[in-house]
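A.B. asks: This is the structure I want to talk about, given as structure tokens.
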Amino acid sequence: MSHYPVDINYFLVPAISGRMELDLSDLDVEGEVPAQLDGAFFRMQPDPYFPRTTDEDVYFNGDGVVGRFDFSNGKVGFRQRYALTDKLKLERKAGRALFGRYRNPLTDDPSVKGAIRGTANTTPLVHGKKLYALKEDSPPLVMDANSLATQGYTDFNGRMKGQTFSAHSKIDPETGNLVSFGYCQTGPLTLDCTYMEVSPAGELLKEVWFTAPYYCMMHDFGVTKDYVVFPVVPMVSSWERLKALKPHFGFDKTLPIYLGVLPRNGKGEDIRWFKAPNQNACHVINAFNVGTKIHFDIPVSKGNGLWFFPDVDGSPFSAPDAMAFPTRWTVDYASKSDEFESVKKLSDMGGEFPRIDDRYISRDHRYAWWLVIDLAKPFTEGVGRGMNALGYMDYRTGRQTSWWAGQQYHMQEPCFVPRSPGAPEGDGYIVVVVDNVVTNLSQLVILDAQAIDKGPIARVKLPFRLRAGLHGNWFDRSALPQG
Ligand SMILES: [Fe+2]
């Protein structure tokens, strides 16, 4: 029996590279795919193309592979391609892995010194008809949203001076801008951060520099109408760690957390850092502001949620402390205090990978969905329990419900798909990859977003198992390039 909330084996099996680039049409469907869905669901998985140079590495270090489920007239096709990063190009030329451990340039082959180490393996996002394959330690990699052919890294015609662009960049539904940030902007482990906005035409409109209180994994952020919000949690690193060949990050229980709030029309020095006791958080649900008051929703755990980045003091991983619960942090930019104004737990359904109807990013959203670790449900011996259910919350009525995927299934990040581009908030579907860990087959499950407890309305079946993915996004046909 696994003592981890998410079973390690799930992320390592199949431990060997899948390495599949393929095109499938007319996937088998159980149930009925809503015929009005016209667009594509993109998702990303890390998958090392070459055998690694070390067997002591984290799952996050695989080369990015984009999967594209195309929906048209009730039919679903699937295309999968590697993101052809500079790293992968160099390695293919050499015929072997040249880059070493996750975010540790000290372990690289000398021949690739200075090359962009990014794997473009975290989030696929379409903006301005371009598909960006994003990874937080490197610039955005541009791909063709239909063919999935890689075009290469962009620095937005030389205007982006920082070195990184967050995998959790978000499209502001009000302006259409791609809002982003980056950390370690002047090199690994540096405190230099930027907040950026890119217009729908692909022009970098701003790059505002600020300094983090300490170096850490700044993985996600919040966007409100008037502010950008940066959680700083103590998943830290140092050159000493890298020299000692420790995992890049480790969790430090001695440090406070911070929530940085920067006016979107401000300068870097306008950022305010609000402070709270040690805890952990990763993926943002949403954020919005009412005047100077900022509401910031995020699953929060007492301790370290990532067993592969162990506590720096050597304490063993604690599954109960790793369980994250959706929580609302509220701060007031105009406050004289640097404390949080309030902290409110939103649900007892613990889990991660939260999503909203993305058309409500930056606004007071009504619904949220997330992956739940339901410890009360049975699980398959040998593969462990993991994210086995999908949670739903209606903030207005307080209704909360869930759908358990079944004993043999692990779930990947869900994504909300509007019934139509103009449908009301939350009116639509949830698409979510579920992996049968016994048959080693994956499905893309489609549920009614407002009735997830009723179970799938369709299961789109792949004839193989996908590797554990990170993030995915839906784009209507109108957002995609023609052809
Ligand atoms: Fe993420």
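The values are calculated or read from the model by the stated rules, or taken from the named source; none is laboratory data. Fair warning: this is a prediction, and the values are worked out from it, not measured in the lab. Here Cβ is always computed from backbone atoms with ideal geometry, including for glycine, and neighbour counts include all displayed protein chains.
A.B. asks: Under 6 Å between Cβ atoms, at least 6 apart or on separate chains: pull out the pairs that start in the stretch 278-289 with a residue that is closer than 23 Å to residue 173 by Cβ and end on any residue that is within 15 Å of the ligand (Cβ to nearest atom) and small (Gly, Ala, Ser).
C.D. replies: 284/222; 287/222
A.B. asks: Out of all the residues in the stretch 408-415, is one or more in a strand (DSSP E or B) and within 16 Å of the ligand (Cβ to nearest atom)?
C.D. replies: Within the stretch 408-415 (the criterion being in a strand (DSSP E or B) and within 16 Å of the ligand (Cβ to nearest atom)), the answer is yes, since at least one residue qualifies.
A.B. asks: Let me ask you something else. Out of 33, 66, report the one residue that is over 22 Å from residue 140 (Cα atoms), modelled with pLDDT of 95 or more and not polar (S, T, N, Q).
C.D. replies: From the options 33, 66, the qualifying one is 33.
A.B. asks: Collect the residues in the stretch 308-332 that are buried (at least 20 other Cβ atoms within 10 Å of the Cβ) and in contact with a helix residue (DSSP H, G or I) (Cβ under 9 Å, 6 or more places away or on another chain), keeping them in residue-number order.
C.D. replies: Within the stretch 308-332, 312 is the sole residue that qualifies.
A.B. asks: State all residues of the stretch 308-354 that are out of contact with any Leu (no Cβ under 9 Å at 6 or more places or on another chain) and in a strand (DSSP E or B); if no residue qualifies, say none.
C.D. replies: 311, 330, 332, 339, 342, 343, 344, 345
A.B. asks: Closer than 19 Å to residue 415 by Cα and either assigned to a loop (DSSP other than H, G, I, E, B) or more than 23 Å from the chain's Cα centre (by Cα) (or both), is that true of residue 36?
C.D. replies: For residue 36, the condition - closer than 19 Å to residue 415 by Cα and either assigned to a loop (DSSP other than H, G, I, E, B) or more than 23 Å from the chain's Cα centre (by Cα) (or both) - is met.
A.B. asks: What pairs come up if the first residue lies in the stretch 367-380 and is within 16 Å of residue 448 (Cα to Cα), the second is in a loop (DSSP other than H, G, I, E, B) and aromatic (Phe, Trp, Tyr), and their beta carbons are under 8 Å apart, counting only those six or more places apart or on different chains?
C.D. replies: What qualifies is 367/395; 368/395.
A.B. asks: I would also like to ask the following. Given the conditions (1) of a type in the set (Gly, Ala, Ser); (2) more than 20 Å from residue 268 (Cβ to Cβ); (3) in a loop (DSSP other than H, G, I, E, B), report the number of the one that residue 133 does not fulfil.
C.D. replies: (3)
A.B. asks: Are there strands (runs of 3 or more DSSP E) fully within the stretch 364-407 with at least 2 residues that are within 21 Å of the chain's Cα centre (by Cα)? List them.
C.D. replies: Fully inside the stretch 364-407 and qualifying: 367-372, 389-394.
A.B. asks: While we're on this one: Out of curiosity, is residue 378 at pLDDT below 95, farther than 19 Å from residue 43 by Cβ and of a type outside the set (A, V, I, L, M, F, W, C)?
C.D. replies: Working: at pLDDT below 95: yes; farther than 19 Å from residue 43 by Cβ: yes; of a type outside the set (A, V, I, L, M, F, W, C): yes.
Here the answer is yes, as residue 378 does meet what is asked.
A.B. asks: Oh, and also: State which residue pairs qualify: first residue touching a residue at least 60 places away in the same chain (Cβ under 8 Å) and inside the stretch 337-348, second residue of a type in the set (D, E, K, R) in any location, beta carbons under 6 Å apart, and separation of 6 or more residues or different chains.
C.D. replies: 338/275
A.B. asks: Out of the stretch 432-461, which residues are within 23 Å of residue 385 (Cβ to Cβ), away from the ligand (no atom under 16 Å from the Cβ) and of a type in the set (A, V, I, L, M)?
C.D. replies: 434, 437, 438, 441, 444, 445, 447, 452
A.B. asks: Please enumerate the residues belonging to the stretch 228-277 that are crowded, with 16+ Cβ neighbours inside 10 Å and of a type in the set (Asp, Glu).
C.D. replies: Result: 252, single match.
A.B. asks: Something else now. Considering only the stretch 200-293, give the strands (runs of 3 or more DSSP E) lying wholly within it that have at least 2 residues that are more than 17 Å from residue 136 (Cα to Cα) and within 16 Å of the ligand (Cβ to nearest atom).
C.D. replies: Passing ranges, in order: 286-290.
A.B. asks: Scan the stretch 91-123 residue by residue and report those that are touching a Leu at 6+ places or on another chain (Cβ under 6 Å) and either among the polar types (S, T, N, Q) or in a strand (DSSP E or B) (or both).
C.D. replies: Answer for the stretch 91-123, where residues must be touching a Leu at 6+ places or on another chain (Cβ under 6 Å) and either among the polar types (S, T, N, Q) or in a strand (DSSP E or B) (or both): 104, 122, 123.
A.B. asks: Here is a further query. Any idea which residue in the stretch 400-430 is surrounded by the most Cβ atoms within 10 Å (Cβ to Cβ), counting only those that are free of Cβ contacts under 8 Å to residues at least 40 places away in the same chain and closer than 17 Å to residue 455 by Cβ?
C.D. replies: As a first pass, look at the stretch 400-430 and keep what is free of Cβ contacts under 8 Å to residues at least 40 places away in the same chain: 404, 406-409, 422-424, 427.
With closer than 17 Å to residue 455 by Cβ added as a condition, the list becomes 404, 406-409.
Numbers: 404: 17, 406: 16, 407: 16, 408: 16, 409: 22.
If we take residues in the stretch 400-430 being free of Cβ contacts under 8 Å to residues at least 40 places away in the same chain and closer than 17 Å to residue 455 by Cβ, then 409 is surrounded by the most Cβ atoms within 10 Å (Cβ to Cβ).
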